[in-house]
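Undergrad: This is the structure, below, for whatever I ask next.
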Amino acid sequence: MEPCSPGQSYRVNMKITKAQYGQIARFISHLKPSRQCMRRLQEKFPNQSPSTLLSIFSQEYQKLIKRTHSRHHTAEASETYYQRYLSGVRRDAAAPVLLELAYEVDFSPALMARIVLERYLQIRDGVDPSKPYLNSMLKEPSLIPDTILANQVQQCLLNDCCYGSLVDTIKHSIGHEHEVLLREKLLENNLSFLEEDQLRAKGYDKTPDIILEVPVAVEGHVIHWIESKASFGDEASHRAYLQDQFWSYWNRFGPGLVIYWYGFIEELDVHRDRGILLQDRFPTDIVTLGSGRAAAPRPGEGADPEAIRPS
């Protein structure tokens, strides 16, 4: 199941309550990271956007992998997985040995492929493979000398909806598409803005995606910057973004808007009065200062980036 297009995502209401999120997360805890699991999720929660469900699944599964990652990467575990792989392909080289092994031990197929490939290269070459060398084979499995292993690795990459080079490429593409959508919506609304690349060229090391050259008001709140997130805003990710990004933006540029294109937990939108507004789409009720209806920013907030010296 692929995410809906950016054009669709901003028109669909993707906000959910904390209770709804809990129900989805509990159901996800019993699923394997296969593309078929998304069908089960959508059948269980037919009123939720497929893109929202996919984003939540990816985030919840990554939390599980982070909790269990270390026990799969011991020398003993690596050797066990490699020997089980060899035993499996001796019985039937065409069977999805690595994929089934990953599902059996509740681990990412792409990461299982990485462990087994790394062990294969260690035994073949007598030394640990360099990270770039290993990554090159994971990005292009046809480079793997053993054709059976190459096919097994490819199978894992194609069937993992959360990890692997294919997923990384898709995520990068989706993020870029939503940044393009944001620029298009700003231009449609005749809003002047500076983009992240332009701000970095001026010396800023940590910037939002967009700085508005003229502030606007959204739902009665003055907005000086916009950050685009092509993901779902759950408690863990939002807390990390607040600490690492959003409060820094607020401190330097004033109040701003965060768009979680695949939705967020409604109860997280609690910092509006302090200057961070959450939306699941591009706002439709923008009021420009030129209309005379937008509230004036508080002293010291939302200064023109040109007037602030970079740190």
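Undergrad: Using a 1.4 angstrom probe on the protein heavy atoms only, line up Ile148, Ile223, Ile286 by accessible area, largest first.
TA: Most to least solvent-accessible, the answer reads Ile148, Ile286, Ile223.
Undergrad: Sticking with this structure for a sec: Using a/c under 1.5 as the rounded threshold, could you call the range 102-143 rounded, prolate or oblate? The axes a ≥ b ≥ c are square roots of the C-alpha gyration tensor eigenvalues, and prolate needs a/b larger than b/c, oblate otherwise.
TA: Because a/c hits 1.5 or more and a/b fails to exceed b/c, the range 102-143 counts as oblate.
Undergrad: At a 1.4 Å probe radius, carbon and sulfur cover how many percent of the accessible area of the chain?
TA: That fraction is 49 percent.
Undergrad: Moving on to the next point. Run the simple label-point estimate for Glu267 and Ala201 please: 7 Å along Cα→C-beta, distance reported in nm.
TA: The modelled label-to-label distance comes out at 4.5 nm.
Undergrad: On to the next question. Rounded if a/c is under 1.5, else prolate if a/b beats b/c, else oblate: with a ≥ b ≥ c from the C-alpha gyration tensor eigenvalues square-rooted, which is the range 200-261?
TA: It is oblate, given that a/c is not under 1.5 and a/b is not larger than b/c.
Undergrad: On to the next question. Would you calculate a helix-derived [θ] at 222 nm for the chain, using -39,500 (n - 2.57) for each DSSP H run of n ≥ 4 and dividing by the full residue count, to the nearest 500?
TA: -15500 deg cm²/dmol
Undergrad: How big is the Rg/Rh ratio for the range 121-255, C-alpha atoms only, Rh by Kirkwood, two decimals?
TA: Value, to two decimals: 1.14.
Undergrad: Let me ask something else. Could I have the simple spin-label model distance between His172 and Leu64, label points 7 Å from Cα toward Cβ, reported in nm to one decimal?
TA: 2.7 nm
Undergrad: Can you give the translational diffusion coefficient of the range 18-165 in µm²/s, computed by Stokes-Einstein from the Kirkwood radius over Cα pairs at 10 °C and 1.306 mPa s?
TA: 98 µm²/s
Undergrad: Under a crude label model (7 Å from the Cα following the beta-carbon direction), how far is Arg91 from Glu235 in nanometres?
TA: Here the modelled spin labels are 4.2 nm apart.
Undergrad: Can you give the relative contact order of the chain as a percent, counting alpha carbon pairs under 8 Å and 6+ residues apart?
TA: This gives 19 percent for the chain.
Undergrad: What whole-number volume per residue, in cubic angstrom, does the convex hull of the C-alpha atoms of the chain give?
TA: About 152 Å³ per residue, rounded to a whole number.
Undergrad: Shifting gears a bit: Just the accessible area per residue of the chain, please: how many Å² with a 1.4 Å probe?
TA: Spelled out: the 1.4 Å probe surface of the chain, per residue, equals 50 Å².
The values are calculated or read from the model by the stated rules, or taken from the named source; none is laboratory data. Keep in mind it's a predicted model, so treat the numbers as computed, not measured. Quick reminder, even Gly has a Cβ in these numbers, built from the backbone with ideal geometry, and neighbours come from all protein chains shown. Please note that ligands, DNA and RNA were not included when accessible areas were found on the heavy atoms of the full protein model with its side chains. Shrake-Rupley method; radii C 1.70, N 1.55, O 1.52, S 1.80 Å.
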